[in-house]
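The values are calculated or read from the model by the stated rules, or taken from the named source; none is laboratory data. For clarity, every value in this text was computed on a predicted model and none was experimentally measured. With ideal geometry, Cβ positions are generated from the backbone for all residues, glycine too; neighbour counts draw on all protein chains shown. With ligands, DNA and RNA removed, areas are computed over all heavy atoms of the protein, side chains included. Shrake-Rupley method; radii C 1.70, N 1.55, O 1.52, S 1.80 Å.
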Amino acid sequence: MNELDSELVHGQLATLGYEFVSSANAAQVLLYNTCSVREQAEQKALSRIGIVGMRKKAGERLILGVIGCMAERDGLELFRRHPQVDFLCGPGELDRVPQLVDSAMRSLMADPSAALPRPSQHDRAALAGNKSRRTATLAAAEDGLEALDLSRAFDPIASGRPAHTAFVRITRGCNKFCTYCVVPSTRGAEIHRPPQHIIDECRRLVDHGAKEVTLLGQTVNHYRYQHGSAVTISGLETAQVGPGLSAFRAAPTARTTTFADLLRRIHEEVPELPRLRFVTSYPRDFGDDILDCMRDSPRICRYLHAPAQSGSDRILKLMNRGYTVSEYIDFVDRAFAHLPDASLAGDFIVGFPTETDDDFEATCALVRRLPFKNNFIFKYSPRPGTAAITRFADDVPDAVKRARNNALLAVQGEATARVHQRLIGTTHSVLFHEVRSRKGPRRDSNLFSPISVNGQSIDDQHAANPQSADHWQAIGRTQGDIIVAVSSSNAQMFSDFVGSLRQVVISSADSLLVHGDLVDAAATMTSRLPSEIGRRN
Ligand code: SAM
Ligand code: SF4
């Protein structure tokens, strides 16, 4: 979500003529897009804000903007504690960033002898202040963010991302109120975008070279758009407030677009899109209609990122997740019954208040039982403004959280290795993202963050095999999001790999990635060949 927000802000500013530099030291305007989900993420942002403060004190004329969830959560208090911050902008107000940068530029450029007063803190802050949650209907009706999504830059240079993968938001905010989570307060009430806007955006991305679109929402399977209930004064459909959970107990009406309907429409109406993914799935209310649609639509990736969060019913209840462990297992069994070649991933929190050794063991048992290809594992971080911080003491010592985190990573490492082993001998369509030298510096990879699986970088694995004769590796992902490496001593072989889809047969595997060979160089398809369309894993 944050990555898409950064891309949209980048696009707005590029359209207005701002130039982007690759190093913070060369920039005159610095924007930090912040995350508040865990304290560690906020600490990282604060340390960068501190560095900019030192540069300003040393006399550099810079503009510092803090955008995203930390700006929304801390609000004007950030100005008091960090006077070097020029402006703040919450995630629900990002369409106002250009105006804030412009106003900060004017202050910076003003003749110091004119002694103009600095604009007030309120004029330097664009924050929702929880108004979107209090007056959700109004917020949806006045949704400036919808305009931001609609006006996004499709040129990969302007958007700041490689052209072949793209994100499209389907919902904003969240109504679930898991007790540990800041998202409902920082991103506000759940707003659902009109299906036609989403489909048009997918089509335009494909026209500009996208090979894979990932639909984004905090609980994508809760997408539900009621036609006719939110229209502008000119009669156009607009973003609307998401329904409550009770809506999923009733059958949708003929005027409803459900998540399954949305997937089917994108698959049918954007046939040139080779791959469609979605994150994040909520383990509750994931209907057979979605699984049927995935089974019948070969270009929808058989990939489910459905965080379980804990393997203990008692902890799930304290987390207010709304399902039990056996309901989670039933959901996964149902998914694999529909899609035997599916790939499952998720998130777990360890050290949630009152978590005992037995609760933690139940989490390990769940990871051993189900074929998770990977899990993101987080130590519980008490967040201001959440129900958990007021209801429960953070009573699991940090050393215990760390030990459980490492133990669960080890259990997950074994699970990943098992999933990878089962792939040996199977053939997959792989979308290649980068080409790198195994011994020298990386190539074609500057647009990507280092790839890691279950907390370990795939570079560690390269370092463990220095004797390998193959010098170059092309790295890509299957429909199921499994990382695949194809090796060669001939760099030329990979010259047009980035952004292409090719058939690969898996020859070996470890707990980080799988290795494979091109099925047949002569028969290898690029995504430009229509025969690729319609082929699955
Ligand atoms: N909407 C998604 C869902 O319900 O699964 C998750 C979105 S959340 C931004 C991403 C992940 O961060 C969560 O799945 C959870 O594991 C983790 N997380 C959220 N709040 C946390 C907290 N206070 N401490 C530790 N991890 C947290
Ligand atoms: Fe946070 Fe729960 Fe909403 Fe996910 S579903 S964003 S964890 S409140």
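Filtered by the rule that a residue be part of a strand (DSSP E or B) and within 16 Å of ligand 1 (Cβ to nearest atom), the range 331-351 gives L344, A345, G346, D347, F348, I349, V350. The set of residues in the range 344-373 that are among the hydroxyl-bearing types (S, T, Y) and closer than 13 Å to R404 by Cα comprises T356, T363. Test Y328 against the stated conditions and say whether it is of a type in the set (F, W, Y), within 16 Å of ligand 1 (Cβ to nearest atom), touching a Leu at 6+ places or on another chain (Cβ under 9 Å) and open to solvent by less than 10 Å² (accessible area, probe 1.4 Å). Criteria met by Y328. Within the range 7-23, being open to solvent by 50 Å² or more (accessible area, probe 1.4 Å) and assigned to a helix (DSSP H, G or I) holds for one residue alone: T15.
Selection within the range 226-260: residues that are among the charged types (D, E, K, R) and either crowded, with 18+ Cβ neighbours inside 10 Å or touching a Gly at 6+ places or on another chain (Cβ under 9 Å) (or both). The member of this set that is farthest from R299 (Cα to Cα) is E237. Only one of the listed residues (A403, A388) is within 16 Å of ligand 2 (Cβ to nearest atom) and either aliphatic (A, V, I, L, M) or not in a helix (DSSP H, G or I) (or both). That residue is A388.
Give me the residue from the range 271-291 that is open to solvent by 20 Å² or more (accessible area, probe 1.4 Å) and within 16 Å of ligand 2 (Cβ to nearest atom) and, out of that set, nearest to L205 (Cα to Cα). Looking at residues that are open to solvent by 20 Å² or more (accessible area, probe 1.4 Å) and within 16 Å of ligand 2 (Cβ to nearest atom), I get V279. For the range 184-200, which positions are in contact with a helix residue (DSSP H, G or I) (Cβ under 7 Å, 6 or more places away or on another chain) and more than 16 Å from ligand 1 (Cβ to nearest atom)? Answer for the range 184-200, where residues must be in contact with a helix residue (DSSP H, G or I) (Cβ under 7 Å, 6 or more places away or on another chain) and more than 16 Å from ligand 1 (Cβ to nearest atom): R193, P195, H197, I198, I199. Taken over the range 266-300, residues that are modelled with pLDDT under 95 and farther than 25 Å from F348 by Cα amount to 0. Taking G322 as the residue in question, decide whether it is part of a strand (DSSP E or B) and at pLDDT 95 or above. Spelling it out, it is not the case that G322 is part of a strand (DSSP E or B) and at pLDDT 95 or above.
The rows are residues; the columns are (1) buried (at least 23 other Cβ atoms within 10 Å of the Cβ); (2) more than 16 Å from ligand 2 (Cβ to nearest atom); (3) under 17 Å from L215 (Cβ atoms).
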residue: C293; (1), (2), (3): no, yes, yes
residue: Y303; (1), (2), (3): yes, yes, yes
residue: G311; (1), (2), (3): yes, yes, no
residue: K317; (1), (2), (3): no, no, no
residue: G322; (1), (2), (3): no, no, no
residue: R334; (1), (2), (3): no, yes, no
residue: A337; (1), (2), (3): no, yes, no
residue: P340; (1), (2), (3): no, yes, no
residue: P371; (1), (2), (3): no, yes, no
